[in-house]
Amino acid sequence: MGFFAGFFSGFALTTSMLYLTIQVHKSNRLAQKQAIREQTQAISYLALSRGAYDRRLLPADRDAEEVSAQVMGVGGASGTGMRDQLKHQWNEEVRKLARKAYESRWEDVRDTAVEGWKGVRRLVKRE
């Protein structure tokens with residue numbers, strides 16, 4: 001293999017690797033841009049003061065309808081909606097609190113409260 005063949009094959013390999021790296025980076029940036037755009041639209045939709053208590057008072061433009069459809073989980077490209085995710089988080093928190101209340105021994109809670117009360121009383125009597 002001569003000098004020119006080696007030089008051009010190295011050049012072709014390097015430029016193809018750079019091209020592929022740039023394309024992967026570009027596609028990642030576009031995906032992130034779309035995700036950030038969806039999140040900001042959802043947050044803006046939730047933060048609108050005019051429709052904070054009654055969503056029927058929101059402006060009837062196309063963007064608000066698309067965002068409301070995505071937030072309420074009716075459709076969209078993101079799969080599950082924000083409403084379903086928030087509902088799932090809420091259910092998980094309630095489940096954890098219920099399990100904690102069910103598994104806790106109320107005698108321990110009473111003893112902890114009594115010890116805290118005694119500590120407060122000792123602190124007040126010293127002063």
Test residue 68 against the stated conditions and say whether it is modelled with pLDDT under 85, in a loop (DSSP other than H, G, I, E, B) and not hydrophobic (A, V, I, L, M, F, W, C). no
So which residues in region 14-39 are among the hydroxyl-bearing types (Ser, Thr, Tyr) and open to solvent by 100 Å² or more (accessible area, probe 1.4 Å)? 19
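The values are calculated or read from the model by the stated rules, or taken from the named source; none is laboratory data. Here the structure is a predicted model, which is why all the values come from computation and not from measurement. Accessible surface areas use protein heavy atoms only, side chains included; no ligands, DNA or RNA. Shrake-Rupley method; radii C 1.70, N 1.55, O 1.52, S 1.80 Å.
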